[in-house]
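Comments concern the structure below.
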Amino acid sequence: MDWQSIYQSKLTSAEEAVRAIQSGQRVVVGHAAGAPQQLLKAMVAQKERYQGVEMVHMLCLGDGGYLGEGMEEHFRFNGIFVGANNRKAVEEGRGDYTPCFFHEFPKLFQKQLPVDVALIQVSRPDENGFCSFGVSCDYTKPAAELAKVVIAEANDRMPYIGGDNLIHVSKLTHIVETSVPILELPLPKIGETEKKLGEYVASLVEDGSTLQLGIGAIPDAVLMFLKDKKDLGIHSEMFSDGLIDLVELGVVNGRQKSLHQGELVATFLMGSQRLYDFVNNNPLVKMYPVNHVNHPCVVMQNHKMVSINSCIEVDLMGQVASESIGLKQFSGVGGQVDFVRGVSMAEGGKSIIATPATAAGGKVSRIVPFLAHGAAVSTSRNDVDYIVTEYGIAPLKGLTLRQRALNLIAIAHPDFRESLMEEFHRRFAPAAAPAGV
Ligand code: COA
């Protein structure tokens with residue numbers, strides 16, 4: 001049968017398609033902006049059909065109707081990240097968090113969390129019958145390849161992006177055609193603090209570097225200060241709108257990349273419609289599954305690799321808590337440690353954790369003597385390299401505990417430096433204390 005006939009034979013409505021989900025099954029949902037909104041709505045609308053369906057995903061844009069109060073009998077959330085629409089459910093015990101490095105999610109789906117159903121969103125098929133996973137390749141493609149049943153929303157607004165990012169229509173169990181905009185991430189607000197942070201981080205980026213950037217205001221602020229650099233490359237878990245100007249200016253061209261030369265490499269994308277138009281059918285942009293992009297052994301193959309991520313707090317030894325505020329699971333480890341580890345093995349690599357010096361409207365310091373009770377360490381003191389705040393840069397790698405503490409205190413908010421110094425004196429013999437580095 002030709003692919004067109006196969007495609008036609010699988011077309012159905014969203015309402016019909018989600019009836020393939022059985023009570024008690026594990027459903028893996030396409031990631032972030034790639035989450036299939038129409039399928040999720042159809043599933044929630046028929047909630048009475050389901051008992052104890054386990055919903056697994058990382059970020060998921062949209063309202064997440066299955067996470068609301070009163071849904072727990074039908075759906076149980078098992079998060080491999082905690083985000084805006086499911087934080088409350090996890091906090092209130094109506095959902096759980098499973099710790100795991102981002103690059104290992106596909107392995108999780110092979111071993112401990114086998115996938116019954118993958119609910120995904122893809123582009124319409126190309127002339128050879130392949131749909132693109134578009135903005136979310138990450139764990140979405142591996143989950144679809146492992147699932148017993150694959151239900152796909154084929155959206156004509158999903159950008160077509162190449163790389164290792166395609167699935168043939170014959171591999172889909174049910175297909176629902178849609179034509180809806182891809183959900184957008186509001187552009188972050190870049191204030192004076194972020195600009196200062198951006199300037200310090202950019203000062204660490206040498207010409208010819210390859211970058212990994214996280215989500216939000218700080219990465220976008222960094223990009224603002226890279227306009228005078230030359231021959232930068234991208235090998236990043238994700239990128240957003242902030243990158244487009246640098247590509248158009250010729251600053252980011254991938255010319256000096258030692259892996260995937262000339263390609264803008266990512267595993268997922270989130271941004272505005274401008275980003276989605278930029279990446280659609282763009283031969284420069286290549287998406288690969290997360291077990292490739294984020295694997296430390298792949299990351300390390302990029303010379304002059306620089307990773308830029310953020311955190312919740314850092315203690316005076318350089319232990320970085322990036323995913324929990326004390327006992328409260330705020331997000332997840334995501335790809336932070338994947339990149340920190342890969343960068344540390346890369347020739348000329350630098351890993352940067354950039355954070356405002358304070359949180360909660362300036363009331364708390366993010367540089368602390370001890371992490372909050374119950375906080376999870378994301379990046380360990382053995383892995384940490386540079387910490388940056390709006391007050392400067394603290395190099396930590398290769399330094400003693402005493403030197404680390406002094407370097408960190410020097411970039412803390414001035415209001416907290418005195419109390420941090422008191423802790424320093426309590427902990428270390430003041431007479432023997434050398435200056436910071
Ligand atoms: N004590 C108390 N509250 C704190 C706090 C602290 N030490 N640190 C942060 N908060 C509060 C903030 O005040 C803010 O609350 P508000 O919105 O009411 O003001 C909230 O927590 C969020 O903090 P913020 O720093 O604005 O979060 P963010 O959206 O910039 O995300 C991380 C920062 C660290 C949570 C995020 O980068 C992350 O999840 N990182 C781990 C994963 C990762 O690095 N992945 C790789 C890149 S995608």
TODO: Could you size up the charge dipole of the chain around its Cα centre, putting +1 on the beta carbon of Lys and Arg and -1 on that of Asp and Glu, and report it in debye to the nearest 20?
DONE: 800 debye
Open item on the list: Once ligands and nucleic acids are excluded and a 1.4 Å probe is used, how much of Arg94 is accessible, expressed in Å² to the nearest 10?
Closed with: 30 Å²
Open item on the list: With equal scatterers on the alpha carbons only and no solvent term, can you work out the Debye log10 of I(q)/I(0) for the chain at 0.06, 0.13 1/Å?
Closed with: -0.26, -1.12
Open item on the list: Can you compute the label reach from Thr98? Point 7 Å from Cα along the Cβ direction, backbone N cut-off under 15 Å, restricted to the stretch 49-71.
Closed with: 53-59
TODO: Report the antiparallel proportion of the DSSP beta bridges in the stretch 7-178 as a percent, rounded to a multiple of 5.
DONE: 10 percent
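Determine, from the Cβ-Cβ distance of Glu423 and Glu145 and an R0 of 45 Å, the FRET efficiency 1/(1 + (r/R0)^6), rounded to the nearest 0.05.
On the way: r = 51 Å, r/R0 = 1.13.
In this case the efficiency is close to 0.35.
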Open item on the list: Run through the stretch 1-83 and list the GluC sites (Glu not before Pro) located in a DSSP loop whose Cβ has at most 10 other Cβ atoms within 10 Å.
Closed with: Glu69
Open item on the list: Per-residue counts of other Cβ atoms within 10 Å, averaged by peptide: what ranking do you get for 186-196, 164-174, 228-238, 329-339, highest first?
Closed with: 329-339, 228-238, 164-174, 186-196
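Skip the ligands, DNA and RNA, and give the accessible area per residue of the stretch 152-259 with a 1.4 Å probe, whole Å². Don't jump to the answer; show the numbers that get you there.
Numbers: 4310 Å² over 108 residues.
Roughly 40 Å² per residue, with all protein chains present.
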Task: Most positive-pole-ward Cα, Tyr139, Ala412, Leu246, against dipole of the chain from beta carbon charges - done: Ala412
Task: Within the stretch 284-373, GluC sites (Glu not before Pro) in DSSP loop having at most 16 other beta-carbon neighbours inside 10 Å - done: Glu347
Task: the chain: calculated mean residue ellipticity at 222 nm from DSSP helix runs of at least 4, using -39500 (n - 2.57) - done: -7000 deg cm²/dmol
Task: Set of the stretch 62-89 residues, backbone N closer than 11 Å to the point 7 Å along the Cα-Cβ line of Ser23 - done: 74
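Select from the stretch 111-168 those trypsin sites (Lys or Arg not before Pro) which occupy a DSSP coil region and have at most 15 other Cβ atoms within 10 Å, ordered by residue number. Intermediate results must be reported in sequence, preceding the final value.
On the way: sites: Lys111, Lys148, Arg157; in loops: Lys111, Lys148, Arg157.
Answer in residue order: Lys111, Lys148.
Just the number, please: carbon plus sulfur as a percent of the accessible area of the chain, 1.4 Å probe, no ligands or DNA/RNA counted. Intermediate values should be presented prior to the final figure.
Working: 8820 of 17090 Å².
Carbon and sulfur: 52 percent of the exposed surface of the chain.
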- [ ] Please express the Cα-Cα pair-distance distribution P(r) of the stretch 316-437 as a list of whole percents, one per 10 Å bin, running from 0 to the bin with the greatest distance.
- [x] 13, 44, 34, 8, 0
Task: the stretch 146-297, Rg to Rh (Cα coordinates; Rh as Kirkwood inverse mean 1/r) - done: 1.01
Task: Surface accessible to a 1.4 Å probe, Val299 within the full protein complex, Å² - done: 0 Å²
TODO: Using a Förster distance of 35 angstrom, determine the FRET efficiency expected from the C-beta separation of Arg255 and Thr400, and round it to 0.05.
DONE: 0.35
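The values are calculated or read from the model by the stated rules, or taken from the named source; none is laboratory data. The shown structure was predicted, so the numbers you read here are calculated from the model rather than taken from an experiment. Glycine gets a Cβ as well: all are built from the backbone with ideal geometry, and neighbour counts include every protein chain shown. With ligands, DNA and RNA removed, areas are computed over all heavy atoms of the protein, side chains included. Shrake-Rupley method; radii C 1.70, N 1.55, O 1.52, S 1.80 Å.
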